[in-house]
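The values are calculated or read from the model by the stated rules, or taken from the named source; none is laboratory data. Everything numeric in this text was worked out from a predicted model, so none of it was measured. Please note: Cβ atoms are built from the backbone with ideal geometry, for glycine as well, and neighbour counts cover all protein chains shown. Accessible surface is based on the protein model in full, side chains and every heavy atom, while ligands, DNA and RNA are left aside. Shrake-Rupley method; radii C 1.70, N 1.55, O 1.52, S 1.80 Å.
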Amino acid sequence: MTDDVRQEIRSVLDAVVLPHAEVWEQQGRISADGWRALAESGLLSLPHVGPGFRRSAVFLEELGNTGYAGVRAAIGVHAYMAPSYLRRYGTEAQRAAWLAPDKIAALAITEQNAGTDLSSLSTVARPDGDTYRLTGEKFYVANGSAADYFVVLAKTRDGGTTRVLSGASLFVVDGHSPGITRHRQPMLGWRASDTCRVSFDGVAAAGVIGRPDRALMYLMPALDFERLVAGLLAVGGVRHCLDLVRAFVRSHRVHGDVLSANQAVRHRLADLDAQFELVRTFAHRLVEDHCAGRLDTKAATVLKLTATELAVSAAQACVQYHGARGYLDDSVPARLYRDAMAGTIAAGASELMRDLIFESGR
Ligand SMILES: Cc1cc2nc3c(=O)[nH]c(=O)nc-3n(C[C@H](O)[C@H](O)[C@H](O)COP(=O)(O)OP(=O)(O)OC[C@H]3O[C@@H](n4cnc5c(N)ncnc54)[C@H](O)[C@@H]3O)c2cc1C
């Protein structure tokens, strides 16, 4: 992608995100006007596959580079993670009904006792005429209070616990259906991501996504894509954080000299920068792989793990070198630090990523 494309995307984000992001953080979600402006900008309907995904990749990186991880999570879920199931496995009619950039999307997979271990899933979907009725409770659902539709994972067949996902299905649920209750679940970070506990009490699904009982088959490739998206967002976040701390150590004086005069400081930031260059280069390789239709599980998992863990290390250095001013609750380094921790849990904890990498090891 050319620098012109990057610049064009940055200018849109400068206009539609940055002036409002602080308010969205405080309100715990992107405002309705914000969603509208984002939808009108065209950035919420960029390609998920093929060469056009390069534009998405630049967008995701630059969205991360705004430094607002709550905003980036809300948009990532809305424009990529939730709709990817409908784009890949939905019918033409489902895509026409739900995939409008101004219909806010949410992904409701996790439950109180089913996060890493989805075999403990307890939300059920029972056949009812030509539809299914869903009963259960989902946790930590980003965009939960504003979602126009949910992509929900539920059990459609009772069975053993080890391979329960072979009897689970994915549903699209109209967010305005009777029987849905939403409770805000404010988090330590990602504050603009509108995380909620969402209860479904006999809610009629708008449709099954793909074939019933096949969720496992659909989740696997979609999760690879989710990791690529999470990795690209985190790469942008690391860049933002490193730019901030580098500028600070070059201007902040201790004992009469700028902090960057200390070799220890320079070397720590150089190490982070070196890791950043490696992760970013790897991310760009995966973008090319994905554009060519050959994104591989191990590579996507490596990217998600390394990019989100690097974000934690970068945020730690950022707070440390800012001293107490970076530990103030309303400071930017404090926000980056809080936000970075979410990246190593959401979309699959780092330990799960390590297990997957080990299992697929050579
Ligand atoms: C900010 C945020 C936003 C989220 N948004 C959404 C959303 O929109 N939709 C949705 O469905 N879910 C969402 N989630 C949930 C997320 O996907 C889960 O938190 C994640 O899958 C981990 O599940 P859990 O939190 O239940 O942790 P558990 O599965 O209970 O694990 C707890 C901890 O145990 C450790 N652990 C797990 N497995 C292993 C292992 N094999 N070896 C060693 N240690 C291990 C890890 O440190 C892990 O964090 C979000 C989470 C966060 C934090």
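Some observations on this one:
- Charge-dipole axis of the chain as Lys and Arg at +1 and Asp and Glu at -1 on Cβ define it, positive-most pick from Leu107, Val254, Ser11: Val254
- Förster radius 30 Å - calculated FRET efficiency between Asp128 and Glu359, Cβ distance, rounded to 0.05: 0.20
- Ligands, DNA and RNA left out, the 1.4 Å accessible surface of the chain is 52% carbon and sulfur atoms.
- Gyration tensor (alpha-carbon) shape descriptor, the range 3-98, a/c threshold 1.5: oblate
- Cα-based shape type of the chain, given that a ≥ b ≥ c are square roots of the gyration tensor eigenvalues and the cut on a/c is 1.5: prolate
- Couplings 3J(HN,Hα) of the range 242-258, computed from phi: 5, 4, 5, 5, 5, 4, 5, 5, 7, 10, 7, 9, 9, 6, x, 10, 5 Hz, in residue order, whole Hz [Karplus 6.51 cos²θ - 1.76 cosθ + 1.60, θ = phi - 60°; x for Gly and Pro].
- Degrees, to the nearest 10: 332-343 long Cα axis against longest axis of the chain: 40 degrees
- Full extension of the chain segment joining Val5 with His183 gains 60.2 nm, where the gain is 0.36 nm per residue of separation less the Cα-Cα distance.
- The amide H of Gly175, built 1.01 Å from its N in the peptide plane, has Tyr149, Phe150 as neighbours under 5 Å, considering only residues 5 or more places off or on other chains.
- Among the trypsin sites (Lys or Arg not before Pro) in the range 273-354, those placed in a DSSP loop whose Cβ has at most 13 other Cβ atoms within 10 Å are Arg294.
- With R₀ set to 35 Å, the beta-carbon distance separating Glu22 from Asp117 gives a calculated FRET efficiency near 0.40.
- Projected label distance in nm at Ser331 and Asp201, using a 7 Å step from Cα toward the beta-carbon: 4.6 nm
- Simple point charges give the picture: +1 on the Cβ of Lys and Arg, -1 on the Cβ of Asp and Glu, and for the chain a dipole about the Cα centre of about 360 debye.
- Note, ³J(HN,Hα) from phi for the range 76-91, Karplus 6.51, -1.76, 1.60, rounded to Hz, x at Gly and Pro: x, 5, 5, 8, 10, 5, 5, x, 4, 5, 6, 4, 7, 10, x, 7
- To the nearest ten degrees, helix 297-322 and the longest principal axis of the Cα atoms of the chain are 40 degrees apart.
- When both the range 172-217 and the range 1-66 are represented by their alpha-carbon centers, they are found 24 Å apart.
- The simple spin-label model puts a point 7 Å past each Cα toward its Cβ; for Asp271 and Arg294 those points are separated by 3.6 nm.
- Computed from label points 7 Å out along Cα-Cβ, the spacing between Ser45 and Arg95 is 1.3 nm.
- When you filter the trypsin sites (Lys or Arg not before Pro) in the range 191-220 for DSSP loop state and at most 15 other Cβ atoms inside 10 Å of their Cβ, nothing is left.
- Long-range amide H partners of Ala82 with built H, under 5 Å: none
- Within a Gaussian network of the chain (alpha carbon springs, distance under 10 Å), most fluctuating of Ala73, Ala82, Ala93: Ala93
- For the range 221-362, the solvent-accessible area with a 1.4 angstrom probe is 48 square angstrom per residue.
- Charge tally around Gly189: other residues with Cβ under 10 Å, Lys/Arg +1 each, Asp/Glu -1 each, net +1.
- Between the range 319-353 and the range 233-273, the alpha-carbon center distance in angstrom: 16 Å
- For the chain, the longest principal axis of the Cα atoms and the long axis of helix 350-359 meet at an angle of about 70 degrees.
- Prolate/oblate/rounded label for the range 105-213 (Cα gyration tensor, a/c 1.5): oblate
- When only the Cβ of Lys, Arg, Asp and Glu is charged (+1, +1, -1, -1), the dipole of the range 203-278 relative to its Cα centre reaches about 140 debye.
- Relative contact order of the chain, pairs being alpha-carbon contacts under 8 Å that are 6 or more residues apart, as %: 18 percent
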